[in-house]
Amino acid sequence: MKSILKIIITVFFFTLIAGGNGLASQNWPDKIKLGLIPTEGGADIKTRFKPLIDHLENCLGLKVEPFSASDYAGIITAMAHKHIDFAYFGPKSYVEASARANAQALALELNKNGAKGYYGVIITNKKSNITTMDQATDKTKTFAFTDPNSTSGCLVPSVLFYRDLETPPEKLFREVSFSGSHGASILAVKNNKIQVAATNNIDLDRMTEKGAVSQDDFNIIWKSELIPGSPMCGRKDLPESLKAAFTGALMSFNFNKSGLDKLQTGGYAPVDDTTYDVVRYMKRLKAKLQEKKGN
């Protein structure tokens with residue numbers, strides 16, 4: 001009950017800010033573009049976000065055009081050049097975008113249980129004999145990150161390799177590659193194209209829910225500490241009233257159960273930039289460890 005009341009107050013607050021100036025919307029663009037990092041692939045993620053996009057259009061009275069790219073960097077670059085107005089980033093890609101693309105975190109994605117975060121995991125095929133990290137890192141296996149700007153798909157496992165295992169991944173596996181997305185990594189392990197891969201529990205659940213894989217297809221041989229949830233962001237230079245209205249619309253989407261089911265998330269919560277300082281710390285730590293290892 002307290003969480004519902006908090007959401008109602010938050011929605012009212014942002015709606016009040018957005019509507020406080022009767023001329024505010026005159027400074028808004030005719031439409032807005034929403035960038036979506038390709039966690040599953042461009043077409044799939046646009047389909048998953050459609051109920052939210054419809055909701056945003058109804059709340060804002062603006063056309064909302066989804067935009068994806070072949071990799072995370074494409075979304076960061078698009079915001080840096082003002083080709084998109086808002087974006088769904090992962091924690092690390094947000095940190096990059098906040099430094100390079102004037103991005104501002106507006107709301108944090110909740111998992112389906114309402115938690116403000118998720119877990120990185122390393123997976124193997126259930127039918128393999130790889131059930132531990134020791135077995136995975138015997139220098140004969142193939143390994144896949146997802147994208148260089150992915151948090152759970154690159155940054156977090158990199159800290160594992162450099163800090164905890166004290167060895168660059170290239171020296172732990174026969175071959176290291178980037179799959180391009182979490183969905184691609186998960187399918188590569190299922191189809192035995194890659195033996196070991198980094199992903200996260202949320203995308204593994206999403207791939208299971210849409211019937212692409214089964215949880216029984218995999219061994220989870222490592223799990224990270226809690227990672228802050230992915231943020232929805234806007235460019236800092238957008239009208240404050242538009243950012244406030246966008247944030248309020250996200251919060252009100254929490255009451256749309258069918259929309260949340262399609263989005264495969266638990267909704268949104270207020271957030272600020274400092275939430276992602278832990279990700280900045282991991283970036284600095286990874287760079288320091290890499291330099292120490294001479295890689």
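Before moving on, here are some points about what is shown:
- Residue 256 falls short on exactly one of the conditions (1) farther than 21 Å from residue 64 by Cβ; (2) touching a Gly at 6+ places or on another chain (Cβ under 9 Å); (3) not assigned by TED's automatic domain parsing to the domain that holds residue 144, and that condition is (1).
- Members of the range 222-256 that are in contact with a strand residue (DSSP E or B) (Cβ under 7 Å, 6 or more places away or on another chain), among the polar types (S, T, N, Q) and outside any loop (DSSP other than H, G, I, E, B): 224, 247, 254
- Residue within the range 210-219 that is closer than 30 Å to residue 62 by Cβ and at pLDDT below 95 present: yes
- Pairs where the first residue, in the range 186-203, is under 13 Å from residue 160 (Cβ atoms) and the second is among the aliphatic types (A, V, I, L, M) and outside any helix (DSSP H, G or I), C-beta under 7 Å, 6+ apart: 196/122; 196/130; 198/122
- Residues in the range 30-61 that are surrounded by fewer than 20 Cβ atoms within 10 Å (Cβ to Cβ), of a type in the set (Val, Ile, Thr) and either over 20 Å from the mean Cα position of the chain (by Cα) or under 15 Å from residue 247 (Cα atoms) (or both): 53 alone.
- Cβ-Cβ distances below 9 Å connect the following pairs, each with a first residue in the range 274-289 that is within 10 Å of residue 163 (Cβ to Cβ), a second residue that is of a type in the set (D, E, K, R) and surrounded by fewer than 17 Cβ atoms within 10 Å (Cβ to Cβ), and a separation of six or more residues or different chains: 285/163; 286/163; 289/163; 289/166.
- Residue check, residue 268 modelled with pLDDT of 95 or more and either touching an Asp or Glu at 6+ places or on another chain (Cβ under 8 Å) or within 23 Å of residue 51 (Cβ to Cβ) (or both): yes
- Hits in the range 21-43 - residues which are modelled with pLDDT of 80 or more and either under 29 Å from residue 210 (Cα atoms) or among the polar types (S, T, N, Q) (or both): 27, 32, 33, 34, 35, 36, 37, 38, 39
- When residue 109 is tested against the conditions (1) within 20 Å of residue 260 (Cα to Cα); (2) free of Cβ contacts under 8 Å to residues at least 60 places away in the same chain, the lone failure is (2).
Residues are listed down the side, and each one gets a yes or a no for (1) surrounded by 24 or more Cβ atoms within 10 Å (Cβ to Cβ); (2) in the same structural domain as residue 264 (by TED's automatic domain parsing); (3) aliphatic (A, V, I, L, M); (4) modelled with pLDDT of 95 or more:
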site	(1), (2), (3), (4)
63	no, yes, no, yes
76	yes, yes, yes, yes
89	yes, yes, no, yes
126	no, no, no, yes
147	yes, no, no, yes
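The values are calculated or read from the model by the stated rules, or taken from the named source; none is laboratory data. Source: prediction; values computed, not measured. Cβ coordinates were reconstructed from backbone atoms using ideal geometry, including for glycine residues, and neighbour counts include every protein chain displayed.
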